[in-house]
Amino acid sequence: MPPEATTGGPGRDSAASPSPSPEPGRLSGRQRLRAGLWPPRVTRAQLVVALLLFGLGLGLAIQVRSNNDDSALRGARQEDLVRILDEVDDRTQRLEDEKQRLGAQLTELENSSDQAEEARKQTLEKERQLGILAGTVAAHGPGITLTIEDPTASVAPDMLLDAVQELRAAGAEAIQVNGVRVVASTYFSGEAGAVKVDGHAVGAPYAFKVIGRPQDLEPALNIPGGVVQTLEKEQATAVVERVDDIVVDALRPAKQPDYARSSS
């Protein structure tokens with residue numbers, strides 16, 4: 001009789017037997033792949049390219065993050081942006097006009113038959129201009145008034161200083177606040193509800209008289225996030241009005257500097 005089949009028959013032994021091991025000195029495909037990948041072999045050129053790609057990626061990430069930052073003007077209306085652009089153009093035009101005026105004065109000095117007399121006239125005109133800037137002489141001309149009501153006594157000195165700085169940046173030539181002439185050395189102190197200008201106590205309503213080009217001064221105060229909006233957040237009200245001829249007559253005494261001397 002033929003031998004009985006068992007679970008350990010030759011057929012099943014053949015299926016479960018392990019694959020033959022590679023001959024000594026020969027590597028399998030997996031071993032050759034692993035040997036090719038590790039340890040990594042990096043050339044100098046590959047390292048340089050990797051560093052450049054890392055720097056480029058970092059720069060792009062910073063740029064994207066910067067572009068995603070909120071901008072103070074992101075929510076501004078189109079007409080507000082156009083007005084801000086016009087203000088910048090006006091400032092540029094004022095600088096160009098000043099350049100041309102100084103060039104014309106130089107030409108007059110060079111071509112005048114009586115240069116001494118011409119120099120004297122220009123000196124007197126310069127003295128008058130410096131007197132206006134120093135607050136030692138009264139001035140009048142077109143400009144604006146800014147009236148700030150503060151019913152909750154929340155307007156702090158720095159808010160009034162911000163208003164002065166915005167007006168100066170917009171081309172204001174003479175400013176007074178509640179009868180105090182504002183000059184280069186003017187400072188604001190105290191606290192909300194008890195503001196002092198150059199040591200003089202001033203109270204609400206705060207009345208600004210400003211000489212300058214009204215078309216530049218008014219928009220500078222009304223830009224989005226500017227002086228007027230900041231005051232309104234503090235429950236204060238700010239009213240800006242254009243005036244054809246405004247008088248700034250608060251005067252400052254002429255002060256002799258203690259240390260500065262003319263170098264000419």
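Quick note: the coordinates plus some simple rules give every number you see, no bench work behind them. Keep in mind it's a predicted model, so treat the numbers as computed, not measured. Virtual Cβ from ideal backbone geometry, glycine too; neighbours counted across all protein chains shown.
Structure notes:
- Any chance ALA260 is in a loop (DSSP other than H, G, I, E, B) and either touching a strand residue (DSSP E or B) at 6+ places or on another chain (Cβ under 6 Å) or not hydroxyl-bearing (Ser, Thr, Tyr) (or both): yes
- Taking region 165-177 as the range and being surrounded by 16 or more Cβ atoms within 10 Å (Cβ to Cβ) and within 18 Å of VAL227 (Cα to Cα) as the test, the residues that pass are GLU166, LEU167, ARG168, ALA170, GLY171, ALA172, ILE175, GLN176, VAL177.
- On inspection, GLY225 does not qualify as surrounded by fewer than 20 Cβ atoms within 10 Å (Cβ to Cβ), among the small types (Gly, Ala, Ser) and not in a loop (DSSP other than H, G, I, E, B).
- Screening region 113-221 for strands (runs of 3 or more DSSP E) wholly inside it with 1 or more residues that are without any contact (Cβ under 8 Å) to a residue 60 or more places away in the chain and of a type outside the set (Phe, Trp, Tyr) returns the ranges 174-177, 180-182, 188-191, 194-197, 200-202.
- Cβ pairs under 8 Å, 6+ apart, first in region 88-103 and within 21 Å of GLU166 (Cα to Cα), second of a type in the set (S, T, N, Q) and surrounded by 10 or more Cβ atoms within 10 Å (Cβ to Cβ): ASP90/GLN215
- Out of ASP258, ASP245, one residue alone is of a type outside the set (Gly, Ala, Ser), loosely packed, with under 13 Cβ neighbours inside 10 Å and in contact with a Gly (Cβ under 8 Å, 6 or more places away or on another chain). It is ASP245.
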